[in-house]
Amino acid sequence: MSEIVLRTEKLSKIYTMGKRDVKALSNLNLQVNKGEYVAIMGPSGSGKTTLLNVLGCLDKPTSGKMILNDVDVANLPEKELYKIRRNKIGFVFQTFNLLPYLNAVENVELPMEGTKRPKGERRERARKLLELVGLSGREEHRPQRLSAGEQQRVAIARALANDPAIILADEPTGNLDTQTKYEIVKLLANLNIDRGTTVVMVTHDSQIASHTERMLLLKDGTIIKEKQGLHLAKKKLVCPYCGSKIQPNDERCPSCRKRL
Amino acid sequence: MRAILVIIALGFVMAIMISIPAGIIANQEAAQAMTTNFNSTMTTMQEQINTTATLIECQTSGQGMFSGGNFSGGPGGFPFGGLQQQQTYVEESVADAIRSIGGVKDVVEFLTVSSSETTSETINGPGGRTFTISRPVYTITGVTLNSSFIDDYSILPTNITAGRNLRPDDSGVVLLNSNLTAYFGVGVGDKVGIYGESFTVVGVYDEAGQGGSQGRFEARSAYMNITDAQTAAGVTGNVSRLDVYAEDVSDVDSIAEVISVAYTSLQVTTYKDRLSQLDNMQTMYTQTLTSAQATVSNTETVATQEIMIAVGATSLIVLFVMLYTVRERTKEIGTLKAIGFSNWNVMSQFMLEGMLLSLVAGVVGIAIGTVGAPLLSGILLPQISPFGSSGNSQFSRGFENAGNFGNFGILGASTVTVTPSLQTMLIAIGAAVLLGALGSLYPAWRASRTRPAEAMRYE
């Protein structure tokens, strides 16, 4: 029996645009288990971003429950919410959103500011996280001296800073070229496998989504379809790029020759 | 880039804030110096009048301190009319006649003749202003070289810098002012031609007992035996000035009365006239001092207003810059909130930034202020004027040593230097940080209230 990290019950979000009410989310029920890798897909205006904002406690739902680690956060006041965001949630953005005047390691340290962790330990942890995402030796670089892919890696390391219960990624590959796209997806997949990090990713790229365990299709603010992903990550014996069989210690995919 | 511009702009405002107190202090010091200088001069003059109470000066027309002096470039109301006067003389027999008046102790004869050649002289007034005058290159002063006169009435200069002073019955020799040695190109022992006659330079003197050179004319006198002077100037048997000494102060009035009735060509001046002149000067200088003090207190009012404007300007600059910054960095604020920054974290972040901005501006301001304080305070604050509102054209020989040249010598003694003090700088830094905090309060609050979901959409 897997542990439930995130659960929503009849989650609704209504925006008032002039006289008209727009239902961005309507009675949405969702459950994410610990260690899952979930993709949320849907056309523009289907409510993907609203859902992610509500899940990430950036926005409050109009009604319904949102239970994160057994706590209903839907009606928590702001002075409690920021702690939830800091300790339970890791955000990865489409545009990376690194602070331009801080270097990589300082960016990763940022969420640890205001926690009880001592200064030296924060630096140590930030370096370890950068190593984990494959950026050893780039710690002192500022974002403008890093490639797009590297910036997103820093952002992922930052999301992991406070060991969150869940990582919410909003189109994490949206601003990346094809090659880098897969590297990031693979990185998230590896984190999911190796560390059991729960990941919820919003994307409209079905290829990217197919590399997750579970895909949810959103339309008009509710989940209309749910299907199993290729589950590549769990098996690891299938190439994430072309789907052909691989051996556990293959460096490159035998059929498409892509680096694994 | 924008930060640099803002810092420079703020720096200027801070510099103004630093310069103003420095300017006030400088003005106060200048007013103080003026008062001190004035008081000591008045005391000296008073003493001089007291010690020469028995002296009755009898001068022929054209005989004055600056006869023939011609002003150009002076400020309005300057105490000299600058009219050229024809030198006149009286016969030596007049001296003998005066000697026979009851109560007269001594009559000392002088002959002062100015060269027809003139020179332009530039003197420095206060505040960097200069004045150019045209005056005779030299003046010969013939003195009755009688040992008792020399001893009793100090008719000769005392500050001999080379050679020796004139002695009783010296003849064919001259005592030159140090300003004239260069003009004639001579030293002690050399021969010098004056009015076609040849004289041996026996000594060089300097003006004694006078402070700085500011506002003074160079003395350009050559002292010699009166007989030599008469011969040289071609006015044998004539004198231009008689110093009449009474036996007692109580006789002065009656003697002066007799002389002025008998010899209308002589201008008679007693200690009473000198005292009334001193009174006039006192009135004039008091006016100047009063206006200086008024300037100082006016300065403080102006400064208070200007500092308040500067304070307002600083806060407003910080306010708008920070508002712009917050707007520009909305997305960053959204990010910070998304990754777990509390409202307070965000607010303090921006407060800190605003304070840092104005701290740096404060340091820049001190740099600008230290260099530019004299200029800035000159522009921003009323300046003390060393000139009185009115002048007195009558200056008697009795004031020559003490006051020499009126306003300049007495009141313009100190140049105003404006230097910000360390204390001012520290206060300015403190004020900068405080104003930074004040100015960024609202923008920071705005930032902290940003709703992350909306901020993330902002591009």
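Only the coordinates and a few stated rules stand behind these numbers; no lab work does. Remember, predicted model here, so these are calculated numbers, not experimental data. Using ideal geometry, Cβ is built from the backbone for each residue, glycine included, and neighbour counts are taken over all protein chains shown.
If you look at just the Cα atoms of chain A, how large are its Rg and its Dmax in Å?
18.5, 61
What are the trypsin sites (Lys or Arg not before Pro) within region A:75-142 that DSSP puts in a loop, where the Cβ has at most 11 other Cβ atoms within 10 Å? Don't skip to the end; give the middle numbers.
Values: sites: A:Lys79, A:Lys83, A:Arg85, A:Arg86, A:Lys88, A:Lys116, A:Lys119, A:Arg122, A:Arg123, A:Arg125, A:Arg127, A:Lys128, A:Arg138; in loops: A:Lys88, A:Lys116, A:Arg138.
Hits after loop and neighbour filter: A:Lys116.
Taking every residue in A:108-116, how many Cβ atoms of other protein chains lie within 10 Å of its Cβ, on average?
On the way: counts 0, 0, 5, 5, 2, 6, 5, 1, 0.
Mean shielding by partner chains, rounded to a whole number: 3.
Check each of the chymotrypsin sites (Phe, Trp or Tyr not before Pro) in region A:1-101 and keep only those in coil by DSSP with at most 15 other C-beta atoms within 10 angstrom; list them in order.
Numbers: sites: A:Tyr15, A:Tyr37, A:Tyr82, A:Phe91, A:Phe93, A:Phe96, A:Tyr101; in loops: A:Phe93, A:Phe96, A:Tyr101.
Those satisfying the criteria are A:Tyr101.
In this model, which of B:Lys105/B:Lys191; A:Lys34/A:Lys65; A:Lys48/A:Lys116; A:Lys13/A:Lys128; A:Lys48/A:Lys181; A:Lys34/A:Lys227 are farther than 28 Å apart at the alpha-carbon? Can you show the working numbers first?
Details: B:Lys105/B:Lys191 37 Å; A:Lys34/A:Lys65 19 Å; A:Lys48/A:Lys116 34 Å; A:Lys13/A:Lys128 39 Å; A:Lys48/A:Lys181 20 Å; A:Lys34/A:Lys227 18 Å.
Flagged as over cut-off: B:Lys105/B:Lys191; A:Lys48/A:Lys116; A:Lys13/A:Lys128.
By count of other Cβ within 10 Å, fewest leading, how are B:Thr335, B:Thr286, B:Thr269 ordered? Intermediate values should be presented prior to the final figure.
Details: B:Thr335 24, B:Thr286 13, B:Thr269 20.
Going from least to most buried by this count: B:Thr286, B:Thr269, B:Thr335.
Give a residue-ordered list of calculated ³J(HN,Hα) values for region A:146-161 (Karplus: 6.51 cos²θ - 1.76 cosθ + 1.60, θ = phi - 60°; whole Hz; x for Gly, Pro).
Coupling constants for region A:146-161: 10, 6, 4, x, 5, 4, 5, 5, 4, 4, 5, 4, 5, 5, 8, 3 Hz.
In Å, what Kirkwood hydrodynamic radius results for region B:328-388 from the alpha-carbon pair distances? Could you put the intermediate results ahead of the total?
Values: mean 1/r = 0.0655 Å⁻¹.
One over the average 1/r among Cα pairs gives 15.3 Å for region B:328-388.
Loop sites only, by DSSP: take the GluC sites (Glu not before Pro) in chain A that have at most 13 other C-beta atoms within 10 Å and name the longest stretch containing none of them.
Values: sites that count: A:Glu3, A:Glu140, A:Glu251.
Result, exposed sites excluded: A:4-139.
Where the eigenvalues come from the Cα gyration tensor of region A:1-51, what are the semi-axes √(5λ) of the equivalent ellipsoid, largest first, in whole Å?
Details: eigenvalues 144, 32, 8 Å².
Those come to 27, 13, 6 Å.
In whole Å, what are the Cα extents of region A:1-150 along the three principal axes, biggest one first?
Its Cα atoms span 51, 34, 32 Å along the three principal axes.
Return the single residue from A:Thr115, A:Thr212, A:Thr173 with maximal mean-square fluctuation; model: Gaussian network over chain A, springs between Cα atoms under 10 Å.
Greatest mean-square fluctuation among the candidates belongs to A:Thr115.
Please give me, ordered by residue number, the GluC sites (Glu not before Pro) of region B:254-339 that lie in loop per DSSP and have at most 15 other Cβ atoms within 10 Å. Write down the numbers at each step before the final one.
Values: sites: B:Glu257, B:Glu300, B:Glu306, B:Glu328, B:Glu332; in loops: none.
Loop-located and lightly packed - none at all.
Please list, in chain and number order, the residues 5+ apart from A:Ala74 or on another chain whose amide H is under 5 Å from its amide H, with Hs placed from the backbone.
A:Met66
Give the long-range amide H neighbours of A:Met201: residues separated by 5 or more places, or on another chain, with amide H under 5 Å away, using H modelled in the peptide plane at 1.01 Å from N.
For A:Met201, whose amide H was placed from the backbone, the distant partners under 5 Å are A:Val38, A:Ala39, A:Ile40, A:Ala169.
When a footprinting reagent is the concern and you count Cβ atoms within 10 Å, what order do B:Ile379, A:Ile167 take, fewest first? Don't jump to the answer; show the numbers that get you there.
On the way: B:Ile379 11, A:Ile167 23.
Fewest to most other Cβ atoms nearby, the residues stand as B:Ile379, A:Ile167.
Note the direction-averaged projected area, equal to a quarter of the hull surface, for the Cα convex hull of region B:246-365, in nm². Before the final figure, lay out the partial values.
Values: hull surface 61.5 nm².
Over every viewing direction, the Cα hull of region B:246-365 projects on average to 15.4 nm².
So, counting K/R as plus one and D/E as minus one, what does the shell of residues with Cβ under 15 Å around B:Val321 add up to?
Within the 15 Å Cβ shell, the charges total +2.
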